[in-house]
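The values are calculated or read from the model by the stated rules, or taken from the named source; none is laboratory data. If you're wondering where the values come from, they're calculated on a predicted model, not measured in any experiment. Please note: Cβ atoms are built from the backbone with ideal geometry, for glycine as well, and neighbour counts cover all protein chains shown. Ligands, DNA and RNA are stripped out before the accessible areas are found, and what is left, the full protein with its side chains, is counted by its heavy atoms. Shrake-Rupley method; radii C 1.70, N 1.55, O 1.52, S 1.80 Å.
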Amino acid sequence: MASMASLFTPSPPFTPRRRRLVRATPPQRPTPLRRSRASCALIEPDGGRLVDLVVPEPLRDAKRREAASTGARVRLSRIDVEWVHVLSEGWASPLSGFMRETEFLQTLHFNSLRAADGSVVNMSVPIVLAIDDSQRRAIGESDKVVLVGADDKPVAILSNIEIYKHNKEERIARTWGTTAPGLPYVEQTIAKAGNWLIGGDLEVIEPIKYNDGLDQYRLSPTQLREEFTRRNADAVFAFQLRNPVHNGHALLMTDTRRRLLEMGYKNPILLLHPLGGYTKADDVPLSWRMKQHEKVLEDGVLNPETTVVAIFPSPMHYAGPTEVQWHAKARINAGANFYIVGRDPAGMSHPVEKRDLYDADHGKKVLSMAPGLEKLNILPFKVAAYDKTQMKMAFFDPSRPQDFLFISGTKMRTLAKNRENPPDGFMCPGGWKVLIDYYDSLVPSEKDKLRETVPA
């Protein structure tokens, strides 16, 4: 397997060209967009091909024997395993393993990687593996290590390794734009991590499975591309979320499909792609979100014939405009040529001050300029709210603001926790019942703090 050092070379800061956003307001007449490909020829993945780091089945026994004979070992946290999953399936293509220092620095400083041929791919979030001093000493002069799970079973082999300093403060400051205490991902994975990072070429012994009843939804980029081709999609538009789907979300997705049809596409397919890795304590757990999404399809809020529901395995950083680039880039590798972005994507409240951590409009603005995302069409959507005159979710009309009710995620969770119903038309009844059932399943003390974060 090629060394990462041979794939990427250091580069000067990249100055992106501003590109056009696809506006949320439909044009007076269909506007032809630059299409990546039609039908069975989906948008090309970053680097020209999808990386597949899973060892072929006939070679797995030999790879297990190699792992057994390799002395140096690093135990993976749950979040580390999620990153192994992401890398193994090619979501981060063309990365072939955990970042070495060259890739780490380019990611922190340029939000991109420059290949040896001069081409640029977006990469805004470091995908790294931390080790401590004792692990570094144990590795010694070895050129490879075995990565093991919580049960000490080998998960992968990391070869041609490079160990370099883990400057936590710089990583945090450049990824989140602040070093304020209380950032969920930082507290879970970085603050307690070792002072060294280890990069190298990754070979994953077998596909990552969680055995939680949801593995059938964890479609790899290759599987998603096969599904889009089977459905004869000539456009794929991706919508990421980490919350239950309400009718405002559904309005945005169905309106996007309508607009794409007006633009001349014949069969645009929606990728409804909930984030399935680590999330913070007050987010609804993945298993309950997936039950809720199933009800949304069963109740006909979204059309199953034009919707693919799958789980995106990445952990969540809550790093706003920096992280949303990663979310968009990964969907390119899954075959999406349109990405829906809304208010404050990947954002959160400031952990110390009473305000949002990021400007609500910066996410979509950054996506319009981000290096390496030029081939992706960005779809910023209009604000949806509950229209009291029509008793349904609708696009906000600033000429009559008194007719609209904004129901935040916090308000939605509070209503469900208290077994109160939202206004008719806010969410399909089956989906709302799932949300109430989730909060009913918690013991009283858990209802107060919603739920514990999954240990890292």
Which of the residues spanning the range 52-74 are in a loop (DSSP other than H, G, I, E, B) and surrounded by 10 or more Cβ atoms within 10 Å (Cβ to Cβ)?
Asp52, Leu53, Val55, Thr70, Gly71, Ala72
Hits in the range 258-297 - residues which are open to solvent by 40 Å² or more (accessible area, probe 1.4 Å), part of a helix (DSSP H, G or I) and either closer than 25 Å to Glu323 by Cα or in contact with a Gly (Cβ under 8 Å, 6 or more places away or on another chain) (or both)
Ser287, Trp288, Lys295
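For the range 131-162, give me the residue count where each residue is open to solvent by 30 Å² or more (accessible area, probe 1.4 Å) and more than 20 Å from Leu113 (Cβ to Cβ).
17
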Of all residues in the range 179-220, how many are under 21 Å from the mean Cα position of the chain (by Cα), of a type in the set (S, T, N, Q) and closer than 15 Å to Gly320 by Cα?
0
Could you please find all residues in the range 77-95 being open to solvent by 10 Å² or more (accessible area, probe 1.4 Å) and either outside any helix (DSSP H, G or I) or under 14 Å from Ile131 (Cβ atoms) (or both)?
Ser77, Asp80, Pro94
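Go through the residues of the range 331-338 one by one and say whether even a single one is more than 27 Å from Glu227 (Cα to Cα) and open to solvent by less than 20 Å² (accessible area, probe 1.4 Å). Steps first, please.
So the first thing to find is which residues in the range 331-338 are more than 27 Å from Glu227 (Cα to Cα), and the list is none.
Taking every residue of the range 331-338 in turn, none turns out to be more than 27 Å from Glu227 (Cα to Cα) and open to solvent by less than 20 Å² (accessible area, probe 1.4 Å).
Could you check the range 160-169 and list, in sequence order, the residues that are closer than 14 Å to Met99 by Cβ and either in contact with a helix residue (DSSP H, G or I) (Cβ under 6 Å, 6 or more places away or on another chain) or in contact (Cβ under 8 Å) with a residue 24 or more places away in the chain (or both)?
Within the range 160-169, the first condition is being closer than 14 Å to Met99 by Cβ, and the residues that meet it are 160-167.
Within the range 160-169, Asn160, Ile161, Glu162, Ile163, Tyr164, Lys165, His166 meet the criteria.
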Read through the list (1) at pLDDT 95 or above; (2) surrounded by 19 or more Cβ atoms within 10 Å (Cβ to Cβ); (3) over 29 Å from Tyr185 (Cα atoms), then give the number of the only condition that Ser36 fails.
(1)
Regarding the range 312-323, can at least one residue be identified that is open to solvent by less than 10 Å² (accessible area, probe 1.4 Å) and among the β-branched types (Val, Ile, Thr)?
no
Positions within the range 220-252 being open to solvent by 40 Å² or more (accessible area, probe 1.4 Å), assigned to a loop (DSSP other than H, G, I, E, B) and closer than 28 Å to Ser88 by Cβ, in sequence order:
Arg231, Arg242, Asn243
